[in-house]
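Each value in this text was obtained by applying a stated rule to the coordinates, not by laboratory testing. Keep in mind it's a predicted model, so treat the numbers as computed, not measured. Virtual Cβ from ideal backbone geometry, glycine too; neighbours counted across all protein chains shown.
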């Protein structure tokens with residue numbers, strides 16, 4: 001930064017800061033930050049402006065700015081606090097320098113603009129990078145969490161297994177679900193798998209496609225896949241989208257699906273508690 | 001790019017050695033059993049195409065490393081008759097050999113990245129990449 | 001290389017344990033049809049437990065075997081297809097829709113008996 005400008009800015013740093021703080025405070029009305037206590041807001045603003053001025057003499061000292069950005073991120077303040085703040089800082093500074101300097105020639109004017117830009121831009125860049133780095137980190141953590149949510153396989157009875165599907169299914173997850181499903185069928189030696197989609201919020205063509213593929217793969221390894229938990233709205237979308245599920249069995253509820261699973265494996269549920277008989281006995285005795 | 005090797009496809013048995021080679025490499029790279037099967041099957045399809053249509057060609061294997069992922073790159077190239085209609089061969093069920101017509105579109109589904117270049121009379125090059133999950 | 005075909009009552013049992021190349025697959029197709037013709041078998045179980053790759057060509061040969069045997073009056077059940085193989089077939093777009101399957105040899109035999117009784 002040219003010495004003249006640097007002196008102007010540094011000597012009047014208090015004035016510039018005051019102007020900026022005033023502008024920021026004005027902006028704050030009806031803003032996202034209105035729920036933050038005034039004290040915290042003002043102290044943060046002051047720290048912010050101090051950091052900006054400090055960067056004139058030490059443009060390479062990024063540790064302080066990083067620490068500041070980390071604090072803002074932890075406070076949960078939006079990125080626009082930083083970008084808006086620096087935007088108005090640039091305006092305030094340019095305004096101030098222009099009123100201070102006597103000559104307002106075009107050449108001089110553009111030089112001032114460039115100088116201030118060179119000063120403020122790196123700060124914006126660095127802070128935004130910090131923010132986006134933080135976001136990317138969060139996103140990757142969430143992706144991991146989603147992967148861990150992959151569908152479990154529950155062997156309920158010899159030769160019968162249930163796989164409840166929960167949440168949105170994307171291609172990556174669908175592949176994983178299919179692997180779990182097939183490995184599980186082999187491991188538990190299940191003749192029938194009930195795939196329960198009660199917990200899947202939306203069944204579009206893509207999700208249906210993955211489910212059909214999984215069911216076909218199950219058939220290839222020699223088991224039967226029954227799709228259960230088809231809610232009315234899901235049945236509607238499936239038909240409206242023209243998805244053909246007629247090739248493999250579907251049931252509205254897990255209970256009905258389990259019933260047909262028992263039929264396929266040649267079994268049935270027998271009621272040991274003969275309370276119904278008791279009832280007829282009672283009725284008979286009344287005769 | 002690290003390891004690079006290749007298998008020539010001239011005889012029918014070369015198809016088997018080509019896919020065995022691919023499976024070995026996939027295993028060393030840390031692919032799961034399912035992806036190993038996917039890669040080996042894709043190679044099998046590509047090798048068979050060379051054998052059936054060009055009679056002479058080769059399959060190259062490369063390990064590729066990017067900043068945050070590793071993968072295997074399979075390149076099948078030949079100097080055969082080439083493909084007349086690139087759109088048609090990517091359609092499911094289209095076959096000129098009486099097969100299932102699942103070859104090239106199948107390879108595309110088995111791998112993560114797929115590229116097909118062909119010039120009638122000059123030859124065909126297929127590139128396919130699979131990333132380690 | 002030839003794939004052995006065993007006879008058990010009126011069933012034929014086949015266990016494929018080699019990496020199938022095209023020639024072996026075609027020869028197996030011929031051998032099996034020949035054996036069905038000679039023995040008059042009514043059911044065939046082809047066990048694929050040790051097969052770790054089925055590409056579209058082998059899939060076609062297997063599918064054809066099933067249809068051809070059907071024509072000759074023998075039901076075929078494929079057993080023991082590995083999960084990785086099944087997923088690869090699905091990705092390839094090969095669904096083998098008209099081919100009966102079972103988890104293992106035992107269940108394959110049960111399935112054959114059921115189908116033949118009907």
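Using every pair of distinct Cα positions in the protein assembly as shown, the Kirkwood expression returns a hydrodynamic radius of 29.0 angstrom. Expressed in units of 2.2 N^0.38 Å, where N is the residue count, the Cα radius of gyration of region C:14-78 is 1.04. For region A:131-287, the normalised intensity computed at q = 0.17 Å⁻¹ comes to -0.97 (log10 of I(q)/I(0), Debye sum over alpha carbons, equal scatterers, no solvent).
Direction-averaged projected area, Cα convex hull, region C:71-118: 3.9 nm², rounded to one decimal.
Provide the percentage of antiparallel DSSP beta bridges, counting only those with both residues in the protein assembly as shown; round to the nearest 5.
Taking every DSSP beta bridge with both residues in the protein assembly as shown, the antiparallel ones total about 60 percent.
Find the Rg to Rh ratio for region B:11-50, where Rh is the Kirkwood radius over alpha-carbon pairs and Rg uses the same atoms. Ratio of gyration radius to Kirkwood radius for region B:11-50: 0.99. Seen against the Cα atoms of chain C and their longest principal axis, helix C:105-117 is set at about 50 degrees. When every Cα-Cα distance of region C:5-117 is counted in 5 angstrom steps from zero, the calculated P(r) takes the values 2, 12, 24, 27, 21, 10, 3, 0 percent.
The angle separating the long axis of helix A:106-148 from the principal Cα axis of greatest extent in chain A is about 20 degrees. Measuring between their Cα centroids, region A:157-177 and region C:50-73 lie 29 Å from each other. Taking only the Cα atoms of chain A, how large is their convex hull per residue, in Å³? Per-residue hull volume (Cα only) is 270 Å³. Three semi-axes describe the equivalent ellipsoid of region B:37-133; taken as square roots of 5 times the Cα gyration tensor eigenvalues and ordered largest first, they are 23, 15, 12 Å. Rg over Rh for region A:69-143 works out to 1.17, both radii taken from alpha-carbon positions and Rh defined as the Kirkwood radius.
Counting other Cβ atoms within 10 Å as a rough exposure proxy, the listed residues A:4, A:200 run A:4, A:200 from fewest neighbours to most. Placing dummy labels 7 Å off each Cα toward the beta-carbon, the span from residue C:9 to residue C:31 is 2.5 nm. Using a Förster distance of 25 Å, how high is the FRET efficiency between residue A:21 and residue A:132, based on the Cβ-Cβ distance and rounded to 0.05? After rounding to 0.05, the efficiency reads 0.40.
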